[in-house]
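A quick write-up on the structure given underneath.
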Amino acid sequence: MISARGLVKAYPTGLQVLAGVDFTVSSGSFCSLVGPSGCGKSTLLRILAGIEKSSGGSFSVELADSRNLSYVFQDPTLLPWLSVAANVRLPLELRGQTQGQARAAVTEVLERVGLADFSAAYPNELSGGMKMRASIARALVTRPGALLLDEPFAALDELARARLHVELMNLWRRENWTALFITHNIAEAIFLAERVLVMSSRPGRVAAEFPVPFPQPRAPALRSSPEFAALAGRVFSALEATSAP
Amino acid sequence: MSRAAATGFRRLLPPLLTLLLALATWDLAVRLLDLKPFLVPGPLRVGRAASDHAADLSRACLLTGGAALCGLAMSLLAGFAAALVFCQARLIEVALYPYAVFLQTVPIVAIAPLIILWMGPGFAAVVAVSFILSLFPVLANTTAGLTAVSSAHLDLFRLYRASRWQTLFRLRLPHALPHLVTGARISSGLSVIGAVVGEFSAGYGSDSHGLGYLIIFTSGQIKTDLLFACVLSCTLLGWCLFSAVSWSGRRILAKAHLEPV
Ligand SMILES: Nc1ncnc2c1ncn2[C@@H]1O[C@H](COP(=O)(O)OP(=O)(O)OP(=O)(O)O)[C@@H](O)[C@H]1O
Ligand SMILES: [Mg+2]
């Protein structure tokens, strides 16, 4: 479970970024977060991940069986001097595992994200979508209990994005981590999640919340159904209302 | 002709033509303007002086080159070590870096006699001057490489609670390698200049002379053609060292899958 109560963040520059964020993502569920640019979405994820300090309020990330929290950054942030396999292995090695101990886990996760044939390739030899897959594999290799994703597909074309949506959903249904997924794209937010949170413009709070009733697994055709369009319209209105100047 | 040889030839042709053109212009200018040989000797005269003193010149090149190589090696070691210390604590960097800049601004020609006074003339003193002159680029570039890692990568390491050593060995050092190579390339030319300047004030002994000594000696004797040959030898030496460092740097970076900066 990931939850925040009255989470506040002001940067030393004096900029008030988060003004009391409240939400709960229950264990094993997939939640999307949409919000206008600069409203503090990345800041929120960084605080949840322990990379950034909050200035007030509280949050908790509860993980079963001492599993960890992983983070898929907005950019793939692969190390260019490491092969795909070595990049994916990095989190395990930082935990003290040897190459041999990590091998099975790396092979398995690369297979799952469809990069088995590219384990020896280097990041500059990969397409944008493949880099993102490698980045997701790196986040999954530690068998996380929760996954934070920060606009992971923003730089991809429509087709690659749709493919990765299906793959991400398959991975999620299989491994059932708790997911908090940030995006600018309302259709993406709805298609992936069981719940969509709408954040207000800076200083950010959670302004609205929409349950997504469509059953899993979802087919790509869902995007063109009238129910989907209606929900997208409501999310859009909520977003528009909170970010009115 | 094989394909590799053909492309190599095509790569070499333009600089070779430039060289020929420059030599021809030089020769023509000397003839047409009727310049005195002791002021500006023509290329043929310089070539003759070089071949007459081939043994002296090549021995001098070896000595100067050896001193420069030692100075450069010391710069690489010391610059790298100091950069490692700098990147570990911001306080140390802030406290010491301004003084490291002195290395860059100190008038080496004035300092060289002092160093020789302290260390006594000889190979070690020449190496020391070469070392001082070539240290800063390695130090500055490596420090920049170690500290200027992207914040996204630092976040990644922080996320997995990487230790300071893990971050140093797995992130900072690989990131700094291309910067170190750049520093070494700049330093390679400077190390030759440093060795020559060192030799201006310090000889190696009675009958082994470096290029710096030959330059002072020949300019005192107004043997302008030999002076030209010495200066060209210095330039060629620096060029060789620079090319060797660049080539090995490129090889190392390619092997490590790193982009040159
Ligand atoms: N380290 C920092 N110091 C000062 N201000 C910062 C810092 N990081 C971010 N900010 C500011 O905080 C605000 C929120 O940034 P954040 O990256 O969280 O926005 P975001 O919602 O993720 O935006 P986007 O959708 O464009 O990625 C921005 O106005 C940004 O300028
Ligand atoms: Mg962001």
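The values are calculated or read from the model by the stated rules, or taken from the named source; none is laboratory data. As the structure is a computational prediction, the values presented were derived from the model and not from experiment. Note that each Cβ is placed from the backbone with ideal geometry, even for glycine, and that neighbours are counted across all protein chains shown. These area figures cover heavy atoms from the full protein model, side chains too; ligands, DNA and RNA do not enter into them. Shrake-Rupley method; radii C 1.70, N 1.55, O 1.52, S 1.80 Å.
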>> Could you sort A:S55, B:S130 by their accessible area in this structure, using a 1.4 Å probe and putting the largest first?
In response: A:S55, B:S130
>> If I fit a long axis through the Cα atoms of helix A:99-112 and take the longest principal axis of the Cα atoms of chain A, what angle between them do I get, 0 to 90°, rounded to 10?
In response: 60 degrees
> Which order do B:V126, A:V8 take by accessible area at a 1.4 Å probe, largest first?
Replying inline: A:V8, B:V126
> Amide H neighbours of A:L33 under 5 Å, counting only residues 5+ apart in sequence or on other chains, H built in-plane at 1.01 Å?
Replying inline: A:F181, A:I182, A:T183, A:L197
> Taking the alpha-carbon centroid of each part, what is the distance from region B:30-106 to region A:165-185 in angstrom?
Replying inline: 59 Å
> Residue separation times 0.36 nm, minus the C-alpha to C-alpha distance between B:L154 and B:W247: what's the value?
Replying inline: 30.4 nm
>> Just to confirm the number: angle between the C-alpha axis of helix A:158-175 and the first principal axis of chain A, 0 to 90 degrees, nearest 10?
In response: 80 degrees
> At a probe radius of 1.4 Å, what is the per-residue accessible area of B:S2, in Å² to the nearest 10?
Replying inline: 70 Å²
>> Can you tell me which aspartates and glutamates have their Cα less than 19 Å from the Cα of B:K36? Leave out same-chain residues fewer than eight positions away.
In response: B:D27, B:D225
> Tell me, what % of the accessible area of chain B is carbon and sulfur with a 1.4 angstrom probe?
Replying inline: 72 percent
>> Given the -39500 (n - 2.57) contribution per DSSP H run of 4+ residues, what per-residue ellipticity at 222 nm results for chain A, rounded to the nearest 500 deg cm²/dmol?
In response: -11500 deg cm²/dmol
> Based on DSSP, what percent of beta bridges with both residues in the protein assembly as shown are antiparallel, to the nearest 5?
Replying inline: 45 percent
> Highest mean first, what order results for A:105-118, B:91-104, B:5-18 on Cβ atoms within 10 Å?
Replying inline: A:105-118, B:91-104, B:5-18
>> If I ignore ligands, DNA and RNA and count only protein heavy atoms, how much of B:W26 is accessible to a 1.4 Å probe, in Å² to the nearest 10?
In response: 60 Å²
>> Cut-off 10 angstrom, C-alpha nodes, Gaussian network model of chain A. Which of A:E62, A:E188, A:E125 fluctuates the most?
In response: A:E125
> For chains B and A, what's the summed buried accessible area, probe 1.4 Å, to the nearest 100 square angstrom?
Replying inline: 1800 Å²
> Which one of B:H175, B:H53, B:H209 has the biggest mean-square fluctuation once chain B is modelled by GNM with Cα springs under 10 Å?
Replying inline: B:H53
> Hey, what number do you get for chain B at 222 nm if only DSSP H runs of n ≥ 4 count, each worth -39500 (n - 2.57), divided across all residues, to the nearest 500?
Replying inline: -27500 deg cm²/dmol
> How about A:K9: which lysines have a C-alpha closer than 29 Å to its C-alpha, ignoring those fewer than 8 places off in the same chain?
Replying inline: A:K41, A:K53
> Given H placed 1.01 Å from N in the peptide plane, which residues other than close sequence neighbours of A:G57 have an amide H under 5 Å from its amide H?
Replying inline: A:V8
>> Hydropathy at least 0.0 by Kyte-Doolittle, axial extent at least 30 angstrom from the Cα trace: which helices of chain B, defined as entire DSSP H runs, fit?
In response: B:3-32, B:54-88, B:123-147, B:173-201, B:224-255
> Angle, helix A:226-242 long axis vs. longest principal axis of chain A, Cα atoms, 0 to 90°, nearest 10?
Replying inline: 70 degrees
>> As a test, work out the antiparallel percent of DSSP beta bridges whose residues both lie in chain A, rounded to the nearest 5.
In response: 45 percent
>> Could you sort B:H257, B:H153 by their accessible area in this structure, using a 1.4 Å probe and putting the largest first?
In response: B:H257, B:H153
>> Averaged over its residues, how many other protein chain Cβ atoms are within 10 Å of peptide A:79-87's Cβ atoms?
In response: 3
> Taking the alpha-carbon centroid of each part, what is the distance from region A:17-44 to region B:183-243 in angstrom?
Replying inline: 66 Å
>> Taking beta carbons within 10 Å but only from partner chains, what does the mean come to for residues B:152-158?
In response: 6
> Leaving out ligands, DNA and RNA but keeping every protein chain, what accessible area does A:Y122 have, in Å² rounded to the nearest 10, with a 1.4 Å probe?
Replying inline: 50 Å²
